[in-house]
Amino acid sequence: MPSTAKNVLGGPLQSCSLKPLTGFYRDGCCNTGPEDEGLHTICCQVTAEFLAHQQFIGNDLSTPFPMYGFPGLVPGDRWCVCITRWKQSLEAGMACPVVLEATHMHALEYVDLEDLQRHAIRLEKEA
């Protein structure tokens, strides 16, 4: 069943990443629901600086956790990140690029569209 979720631009929510397979529901999209307490709503292309900052604040995104279907990330990977964690990096000057078309509209409850737009990159289709 196709998703009816909207992105921060008001259009249909696009896929964030299939390799690695991302999303709270591991459907490739930054969909969210009541079970998603971390609010994995922001599609990021992670950088070395972002990963280092996340590890520094206690959110290790580099180490694989197979029991959760988490492969561990490397710079350049796209991933549905917890909006509050991205906001922490934004406030520290370490925010990574964001794919607006693949970022769930729920993210706007935590960050301004202008902040997301300042870090926006174009959506590139995966091969």
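Bear in mind that the values in this text are calculations on the coordinates, not laboratory data. Keep in mind that this is a model prediction, so the values were computed, not measured. No Cβ is skipped: glycine too gets one built from the backbone with ideal geometry, and neighbour counts run over all protein chains shown.
Observations on the model:
- With q set to 0.16, 0.18 Å⁻¹, the log10 of I(q)/I(0) for the chain, from the Debye formula over equal scatterers at the Cα positions, is -0.69, -0.90.
- When the Cα atoms of segment 55-111 are aligned to their principal axes, the ranges along those axes come out at 30, 24, 19 Å in descending order.
- Sparsely packed GluC sites (Glu not before Pro) within segment 6-85, loop by DSSP, other Cβ within 10 Å at most 10: E35, E37
- Separation between Cα centres of segment 38-54 and segment 73-106, rounded to whole Å: 4 Å
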